[in-house]
Amino acid sequence: MDYSKLYNFFTESYAKIPKMLSNGRAFRPISLFIEPTYRCNFRCRMCLFFDLLDDPRLNEKKDEELTIEEMCRAVDDVMPLGLIAISGGEPLLRRDMMELVRYSCKRHKTYLVTNGILLKEEIAREMVELGCKNFLGSGVVAVGISLEALGETHDEIVQVPGSFDKILQNTRYIVEQKKKSGKRYPLIALKCVITSHNVGQLDGLYQLAERTGVDIFNPITHYHIPAANRLDMDENVNTDMNVEPFADFDVTLLKNQLSTVIDRAARSKVRLRLTPPGIGKDDVIAAYENRLDHSNKTCHSPWSTAILSAYGELSPCSNYTVGNIRNEPLRKLWNNEKMRAFRRELKKRRIFRSCGACCMITSQGSPSQYPALKSQPASGIKA
């Protein structure tokens, strides 16, 4: 059975039914993206939160970050066996992070995204131990590890000398632990954001993923969302901000590299997942040519998924907040008037100018792709 196709159909149907039939209301959320901290030990210039990293308020607000107990209460408001995705910042900078992972794994699928440098042996072993028994069960379903380029180029991008070798060593360790356990899950994914610094190394990174024995290679479109300042969350929706254009980007090289990795995917054991997963290769190229066509794009995410900031703000996307879970529980914020108004506006507009190549957008009529299970040689690569 193609569980990936089944899961994709279920999640989008889950969102589309209330989207079509209700006036902004939605079923209980099936996915929650938690950002436990925006602190990070890397300085990746393409990072969504790069401008926050050296803001003095970031360390001043360290004590204002949600406690594990507060995040666990939010997890309880998500549909059982739904997806809890934990990112950041670098989530493993929080020494209590595995408490959240353990709790989430009791009733949900859990996905951790990390830069990998703190994915030490003890944590790696436990992530494997917490892996789902099967795709339909709870537990750690995937671990995403950011490896932005090969060797010194990676170190230059993240501005941490020697980090490439350390991350690769940690990745090999968790892969080895998974092999020893005989488990299918968690899936291990090598992730990179496509930039002018690494565009010529995409196939080299794919080959590295093959040699390392991970399950997924995931190149991500750099989508330049114009509002991601979690220190200044806003109650006013600004949907018409222009996405920052790409400049001096070698699109010809991108076309060649994407064609090569897609060909490789047809014969590789390592699955290829392009992000955004709901659009194809041609749209990824169009994004870097500053001509991505939104006329046939849409988004169903706010009917199924929410984002929880490190300070408790709940958002349907971007920098807009509908309230704080310290004042009202997630289950109430999820269908409050602000959230319903946002959904009504998105339904009316179908897509916003500020969406750019956000990982949640999809082509109308085409189900978006979720965690990868097998590779496909076609441009619309199935996860």
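The values are calculated or read from the model by the stated rules, or taken from the named source; none is laboratory data. Predicted, not measured: the structure shown is a model, and the values here were computed from it. Don't worry about glycine lacking a Cβ; one is built from the backbone with ideal geometry, like all the others, and counts go over all protein chains shown. Heavy atoms of the whole protein, side chains included, go into the accessibility calculation; ligands, DNA and RNA do not. Shrake-Rupley method; radii C 1.70, N 1.55, O 1.52, S 1.80 Å.
Some notes on this structure:
- In the stretch 152-189, the residues that are assigned to a helix (DSSP H, G or I), open to solvent by 50 Å² or more (accessible area, probe 1.4 Å) and of a type in the set (D, E, K, R): E152, E156, D165, K166, R172, E176, K179, K180
- Of the helices (runs of 4 or more DSSP H) lying entirely inside the stretch 246-352, those carrying at least 1 residues that are touching a Leu at 6+ places or on another chain (Cβ under 9 Å) and of a type in the set (G, A, S) are 251-265, 281-288.
- Of A74, A85, all but one fail to be small (G, A, S), in contact with a strand residue (DSSP E or B) (Cβ under 8 Å, 6 or more places away or on another chain), within 28 Å of V193 (Cα to Cα) and at pLDDT 95 or above; the exception is A85.
- Annotation: of all residues in the stretch 1-50 being in a helix (DSSP H, G or I) and of a type in the set (V, I, T), the one that is modelled with the highest pLDDT is I17.
- Scanning the stretch 8-28 turns up no residue that is more than 27 Å from R349 (Cβ to Cβ) and in contact (Cβ under 8 Å) with a residue 60 or more places away in the chain.
- Verdict on T11 being hydroxyl-bearing (S, T, Y), surrounded by fewer than 20 Cβ atoms within 10 Å (Cβ to Cβ) and more than 30 Å from F249 (Cα to Cα): no
- Hey, E244 open to solvent by 20 Å² or more (accessible area, probe 1.4 Å), at pLDDT below 95 and within 22 Å of the chain's Cα centre (by Cα) or not: yes
- Pick from the stretch 100-142, criterion closer than 14 Å to L168 by Cα and among the hydrophobic types (A, V, I, L, M, F, W, C), ranking: most open to solvent (accessible area, probe 1.4 Å): L118
- Residues located in the stretch 51-66, provided they are open to solvent by less than 50 Å² (accessible area, probe 1.4 Å) and part of a helix (DSSP H, G or I): L52, L53, L58
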